[in-house]
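All remarks here apply to the structure that follows.
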Amino acid sequence: MHVCTVHWQSDRWVDVQLSHLARNLSLPTRTYASLNGVDTAHRRKFSVAVDLPGRHAPKLNELGRIVSEHAERDDVLMFVDGDAFPIAPLDRWLDRTLERHPLAAVRRDENNGDRQPHPCFCVTTVGFWNDIDGDWQEGTTTWLDNAGREVSDVGGALL
């Protein structure tokens with residue numbers, strides 16, 4: 001299991017997230033984080049911790065690339081926002097879900113109809129992520145929100 005997360009300008013959720021990941025994942029887990037503006041003392045808590053330039057999506061893409069350098073194709077790859085964490089054991093759910101779907105992610109329908117995969121929680125395998133050239137950028141994909149406006153957002157290219 002490889003978990004990618006971005007913490008920006010605050011360490012408020014670092015320990016909460018890591019404790020919930022440890023409690024709810026029984027697979028051996030490596031954590032990869034972009035920790036811009038976060039106290040450097042937290043770096044040692046992650047398998048890989050870096051300061052990455054730019055916006056959220058390119059940081060996630062770079063963390064996914066770093067994972068791909070060290071992981072096997074069948075390894076599980078999870079993207080999770082810095083202020084997000086599992087609240088129940090995930091192992092059986094991950095097995096069942098990834099058997100049926102090569103990628104599963106939160107959709108934020110409550111956010112005016114956003115239908116794109118959202119990186120607050122997304123799971124796939126390293127191999128599938130690379131096969132589809134996984135990308136969290138907005139991309140050129142647009143959709144109509146609940147107000148009928150054409151929009152795009154993080155995860156648009158993945159959609």
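The values are calculated or read from the model by the stated rules, or taken from the named source; none is laboratory data. Since the model is a prediction, treat every value here as computed from it, not as a measurement. Reconstructed Cβ throughout: ideal geometry from the backbone, glycine too, with neighbour counts over all protein chains shown. SASA here: full protein model, heavy atoms, side chains in, ligands and nucleic acids out. Shrake-Rupley method; radii C 1.70, N 1.55, O 1.52, S 1.80 Å.
Only strands (runs of 3 or more DSSP E) whose full extent lies in the range 34-120 are considered here, and the ones with at least 2 residues that are free of Cβ contacts under 8 Å to residues at least 24 places away in the same chain are 48-50, 103-107.
Quick grid of which residues meet (1) open to solvent by less than 40 Å² (accessible area, probe 1.4 Å); (2) modelled with pLDDT of 95 or more:
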| residue | (1), (2) |
| --- | --- |
| 73 | no, yes |
| 81 | yes, yes |
| 86 | yes, yes |
| 121 | no, yes |
| 127 | yes, yes |
| 131 | no, yes |
| 134 | yes, yes |
| 145 | yes, no |
| 153 | no, no |
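Restricting 30, 23, 96 to those that are basic (Lys, Arg), open to solvent by 30 Å² or more (accessible area, probe 1.4 Å) and in contact with a strand residue (DSSP E or B) (Cβ under 8 Å, 6 or more places away or on another chain) reduces the list to 30. At pLDDT 95 or above, part of a strand (DSSP E or B) and surrounded by 12 or more Cβ atoms within 10 Å (Cβ to Cβ): is that true of residue 18 in this structure? No.
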